[in-house]
Structure formats: structure tokens, C-alpha cells
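Visitor: Before I ask anything, let me first share the structure, which is written out below as C-alpha cells.
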Amino acid sequence: YVTKEMNRAINQLAGTGLFDESNFWTQNFITQLISTTTAASKIAVVPLSIAAYPTQLFGNMFMVASMGMNPFKNYGKNFMIAISDLNSKNFREGKFFGFKTKLTLSEMKRLKELDLIDKGVSASDIREGLNKGFLGKFTGKLFEPLQKIYNVFDTAQRLSVFDSYKEVVRKGLSPEDYAKLSKEQIEEIAAELTNSTYQNYGRINPALRYL
């Protein structure tokens, strides 16, 4: 039992939606907290662990070999492309950390349009977790270089698969049909095959990402 005045005050407070908003902010706080702490723990276990790098390197190679492809196909060139993404802000056509390279900005842009650069599952999962957590933009930018470094082996291997699929397209079509395709069309077909068969965070079901 409460007085009429107290009952009126409670009704007025409830009518403002304060209780609903409090529940919303509490839920949002807990979600951000879990997202940030989970991403931070993954950073400690994966990008900050030296042992994780050779594991990814050889794991990716064995996976590609199990697909019936040569994991070493153009690997040296593709590894340099993957590393060049670390220097993207200072990247200039014909230059790479002071060294000359045949890769151009337009070619790098094209590879990113095809979703072939920096799409590793582990690092992308960490990136999304940080963006959804506290100070998402700040923490995301803070750890972005580390995530890109960890994705180097993944990107290099992904590009090797991409090169293999371009060869598959060439051999799978008759010379007449192949000649009808433009370079861009061949790249799009090979990229779609790559992203559909090689691990890609963007292709994971959102429900599974949440888990």
C-alpha cells in the first residue's frame, strides 16, 4: 500500500518511459562490455601470440593444398601485395616502403573491390568485436595495424587461390568463350569462386558471427 501521491508519482515516472530506457541502456552496456572484453581476449590469444603466425601460415597452405591447388602459386608476389596493405596510407604508385614495385594503387583498389584484401576470419572477427564495444572507433583504429599484420598470410594465400581460379576459368572454357570475357569479368568470376571456397569473414552467417 502506498499513498495516492506516491502512486501518482510512480505512474508519472513510468509514463516517461524511464524504466524502459534504463533496461535498454543496461542491456546495451552489458553487450558492449562483453564485445570489448571478448575481442581483447582474442587479441591476446591470436595477434599478440607469436605461435599463432606460423600456425596460420601452414594451416592456410594445407587448406589450399586440400582444395587441389598449389599453395605456392605466385606466393612471393602475393605476399608483397599483402604487406603493401600495411603501408596503404603512404602507398604511392611504383613505391613500397621506399622500394620499387609493379603494384599500382589502381590494382590494389581493384583487389579490395573484389574483397580479396584483409578478409581473414580471426582478425575480422576481432575488428567487429572492437567496433561494437566501448569506444569502438578509437579501439578499432588502435588495433587496426596489428590486425592487418596478422592478416598478411591470409591475404597472400587468398590471392594465390585467386590466381589459381583465374587459371581454372581459362582452362574450363573453350578458347572462343574465354576470348569473349573481359579481364574484369574473369577477375570477378575468380574472386567469387575464391570467396565462396576460401575462408572469408564476410561470408559467415551473421548469427554465427554473433556467437
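The values are calculated or read from the model by the stated rules, or taken from the named source; none is laboratory data. On a predicted model such as this, the values are computed, not experimentally measured, just so you know. Here the Cβ positions follow ideal geometry from the backbone for every residue, glycine too, while neighbour counts run over all protein chains shown. Ligands, DNA and RNA are stripped out before the accessible areas are found, and what is left, the full protein with its side chains, is counted by its heavy atoms. Shrake-Rupley method; radii C 1.70, N 1.55, O 1.52, S 1.80 Å.
Visitor: Given the criteria open to solvent by less than 50 Å² (accessible area, probe 1.4 Å) and modelled with pLDDT under 90, does S124 qualify?
Guide: Judged against the criteria, S124 is a match.
Visitor: Now for a different question. With the requirement that a residue be open to solvent by 70 Å² or more (accessible area, probe 1.4 Å) and in contact with a helix residue (DSSP H, G or I) (Cβ under 7 Å, 6 or more places away or on another chain), what does segment 146-180 give you?
Guide: Those that are open to solvent by 70 Å² or more (accessible area, probe 1.4 Å) and in contact with a helix residue (DSSP H, G or I) (Cβ under 7 Å, 6 or more places away or on another chain): I149, R170.
Visitor: From S106, S88, grab the single residue that is farther than 17 Å from N60 by Cα, modelled with pLDDT of 70 or more, out of contact with any helix residue (DSSP H, G or I) (no Cβ under 6 Å at 6 or more places or on another chain) and not aromatic (F, W, Y).
Guide: Step by step, each of S106, S88 is checked, and only S106 is farther than 17 Å from N60 by Cα, modelled with pLDDT of 70 or more, out of contact with any helix residue (DSSP H, G or I) (no Cβ under 6 Å at 6 or more places or on another chain) and not aromatic (F, W, Y).
Visitor: What number goes with the only condition from (1) out of contact with any helix residue (DSSP H, G or I) (no Cβ under 7 Å at 6 or more places or on another chain); (2) modelled with pLDDT of 75 or more that N205 does not pass?
Guide: It is condition (2) that N205 fails.
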